[in-house]
1. Just name the residue that is farthest from the chain's Cα centre (by Cα) out of those in region 112-145 that are among the hydrophobic types (A, V, I, L, M, F, W, C), assigned to a loop (DSSP other than H, G, I, E, B) and at pLDDT below 95.
2. Restrict the check to region 292-305 and report whether at least one residue is among the acidic types (Asp, Glu), modelled with pLDDT of 95 or more and within 19 Å of Arg338 (Cα to Cα).
3. Restricting the search to region 233-267, which residues are under 15 Å from Lys282 (Cβ atoms), out of contact with any Asp or Glu (no Cβ under 6 Å at 6 or more places or on another chain) and touching a residue at least 24 places away in the same chain (Cβ under 8 Å)?
4. Give just the number: which of (1) under 25 Å from Arg190 (Cβ atoms); (2) surrounded by fewer than 18 Cβ atoms within 10 Å (Cβ to Cβ); (3) in contact (Cβ under 8 Å) with a residue 12 or more places away in the chain does Tyr221 not satisfy?
5. Among the residues in region 195-206, are any in a helix (DSSP H, G or I) and either touching a strand residue (DSSP E or B) at 6+ places or on another chain (Cβ under 6 Å) or without any contact (Cβ under 8 Å) to a residue 40 or more places away in the chain (or both)?
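The values are calculated or read from the model by the stated rules, or taken from the named source; none is laboratory data. In this text, all values refer to a predicted model and were calculated from it rather than measured experimentally. Here the Cβ positions follow ideal geometry from the backbone for every residue, glycine too, while neighbour counts run over all protein chains shown.
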Amino acid sequence: MKFKDSQAFALKSEFIAKGDASTVYNLLLQTWGRDQVPTLIANDGKYREGCLELWWMLNIESSQLGFAVTAAGGNLHATFINQYSAAGTPSSALKAPLKGSFRVDIALKPDRVNGFALHAPKLMIVGESADADVRTTAGVRVSEGLATQAPVGYLDTTPEGHITAGTPGQYTIETFVGATKVDAPIEVRRFKDVPVKHKFFREIEDVAVAGIAHGRKDGTYLPSGLVTRGAMAAFLYRTAGSPKFKPPTKSAFRDVPTRHQFYKEISWLSAKQITTGKANGKFSPGSAVTRGEMAAFLYRLAGSPNAKWSGGESFVDVTASAPFARAIRFMDENGLSRGWGVDPRRKYRPKELVKREAMAAFLSRYRDQAASDGFS
């Protein structure tokens, strides 16, 4: 959205500090020069109540006169605080009252002011709202419209400067001050600790949008955190579409009580023969998942295709007789994991623990493969 060039527009003085009239005065001098400032304040020569007094105030040291300059409906609001003596003051100041408040509209020619900047948050979280504004180097906010090139629902802006973050990404908001374009970058994240440039950003975003990964209560995803067997059960259950399932009244595992946060999901895995638990009758929901175990879970979730095929062959550290060998070969055959290195010396590292960022990648690739060619 572009705005028509204008000779002048209203100056909003919301960021002028109390008692700092010199900010206004210096801004006016920078724009028009000393000889033109009195005329400007008098509204192009037409006297307006309070204009003359404001000009007098801007030329008096604060030690001689107490005053405050604050916002008032977008106009400069000058309030005289202390009484003063007119002796020795310019004749133009004699009309100034002992006490009083005045509002003065100040016009600003944008092409003659240097140093405009668009102030906006550099980082926003999906669902957050914020405000942006254009300010001069003196910190004075100017009233201008705001726009962004992002599609609706991604990063929405209003001409008043209100911003709403809808979809993760890197965006630029912009506006025009006269003929001068000013802009500012904004990054929108779904999780505080997953920047757009994260190596698994797309995969984490994919599983989050699909409702497979919910993140943490503090707004983080904890990408470097380890995946527990309990969390794995939840991931797999949601990847399967969260099917209707009534968990049994008695748990299949000694260490998974019916009140466990993932009891339903773990019970579903057991009912579908995706897991049989440990040899000791436990499931160990708090234990971290290894890459070998993760491969077995995904392989069984896919229906254990071509179960009679031999394992091994794909990775030098996984022999045909190794635990989960067929499942690990399944990961390679279906593009879910390429391991480390290059052929013929690639490694899978089956005993390495799975991080949440890598799990997002495995699940995202699993979803893509399931939606395209299916599994072999």
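1. As a first pass, look at region 112-145 and keep what is among the hydrophobic types (A, V, I, L, M, F, W, C): 113, 116-118, 120, 123-126, 130, 132, 134, 138, 140, 142.
Applying the additional criterion that residues be assigned to a loop (DSSP other than H, G, I, E, B) yields 113, 116, 120, 126, 132, 138, 140.
With the extra rule that they be at pLDDT below 95, the set shrinks to 113, 116, 120, 132, 138, 140.
Values: Val113: 32, Phe116: 24, Ala120: 12, Ala132: 14, Ala138: 28, Val140: 26 Å.
The qualifying residue farthest from the chain's Cα centre (by Cα) is Val113.
2. Yes: region 292-305 contains one or more residues that are among the acidic types (Asp, Glu), modelled with pLDDT of 95 or more and within 19 Å of Arg338 (Cα to Cα).
3. Across region 233-267, the qualifying residues are Ala252, Phe253, Arg254, Asp255, Val256, His260, Phe262, Ile266.
4. (2)
5. yes
Yes/no matrix, rows are residues, columns are (1) closer than 20 Å to Glu128 by Cα; (2) basic (Lys, Arg); (3) touching a Gly at 6+ places or on another chain (Cβ under 6 Å):
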residue: Arg189; (1), (2), (3): yes, yes, no
residue: Val209; (1), (2), (3): yes, no, no
residue: Arg216; (1), (2), (3): yes, yes, no
residue: Ala234; (1), (2), (3): no, no, no
residue: Phe245; (1), (2), (3): no, no, no
